[in-house]
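Engineer: Below are the structure tokens for one structure; questions will follow.
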């Protein structure tokens, strides 16, 4: 008796111009990409982070300079732009931290390596990082 061959899955290349605009990336894919983006953002802005930290703790005069950077501005950048950069750093840190905890949880717990957990934890990661960023952004921009 001859065995019927199972049809092999068909794979095709994704074309950047025609397929990517319609491709739906799952939430876990977005978390993975944004985890990398947030890490790169924090790395590239590390000199700014170090300057912020150094200026904020050196002396009372330097702390006044630090506060003025967020109200008056810094060099050619207005204060609102400095706040937006700080808000981007806040998001990058929060997202990177929460996504990192998610990855650690999945590495340590075999029960967490399911498709359902991956989807739920990815949505939680995205929602928590955006919600916490909005809360801290409201504080940064003086809404409370």
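Engineer: Could you list, in sequence order, all residues of the range 1-34 that are within 27 Å of residue 88 (Cβ to Cβ) and assigned to a helix (DSSP H, G or I)? Explain how you work it out, then say what you get.
Structural biologist: Looking only at the range 1-34, we keep the residues that are within 27 Å of residue 88 (Cβ to Cβ), and these are 16, 20-21, 23-34.
Listed by number, the residues that qualify are 20, 21, 27, 28, 29, 30, 31, 32, 33, 34.
Engineer: Within the range 17-48, can you find the residues that are modelled with pLDDT of 90 or more, surrounded by 12 or more Cβ atoms within 10 Å (Cβ to Cβ) and more than 20 Å from residue 103 (Cα to Cα)?
Structural biologist: Of everything in the range 17-48, just one residue is modelled with pLDDT of 90 or more, surrounded by 12 or more Cβ atoms within 10 Å (Cβ to Cβ) and more than 20 Å from residue 103 (Cα to Cα), namely 45.
Engineer: Among 119, 128, 88, which is the only one that is in a helix (DSSP H, G or I), over 13 Å from the mean Cα position of the chain (by Cα) and either surrounded by 12 or more Cβ atoms within 10 Å (Cβ to Cβ) or at positive phi (or both)?
Structural biologist: 119
Engineer: Go through the range 108-123 residue by residue and tally those that are closer than 18 Å to residue 34 by Cα and in contact with a helix residue (DSSP H, G or I) (Cβ under 7 Å, 6 or more places away or on another chain). So that I can check it myself, show each step before the final result.
Structural biologist: Quick first cut of the range 108-123, residues closer than 18 Å to residue 34 by Cα only: 118-123.
Next, only the ones that are in contact with a helix residue (DSSP H, G or I) (Cβ under 7 Å, 6 or more places away or on another chain) stay: 118-119, 121-123.
Adding up the residues that qualify gives 5.
Engineer: Based on this model, can you work out whether residue 136 counts as surrounded by 14 or more Cβ atoms within 10 Å (Cβ to Cβ), within 17 Å of the chain's Cα centre (by Cα) and touching a residue at least 60 places away in the same chain (Cβ under 8 Å)?
Structural biologist: Working: surrounded by 14 or more Cβ atoms within 10 Å (Cβ to Cβ): yes; within 17 Å of the chain's Cα centre (by Cα): yes; touching a residue at least 60 places away in the same chain (Cβ under 8 Å): no.
In short, no.
Engineer: Could you run through the range 35-85 and say how many residues are on the phi > 0 side of the Ramachandran plot and outside any loop (DSSP other than H, G, I, E, B)?
Structural biologist: Matching residues across the range 35-85 total 1.
The values are calculated or read from the model by the stated rules, or taken from the named source; none is laboratory data. This one's a predicted model, so the numbers in the text were calculated from it and none came from an experiment. Positions of Cβ are backbone-derived with ideal geometry, glycine not excepted, and every protein chain shown enters the neighbour counts.
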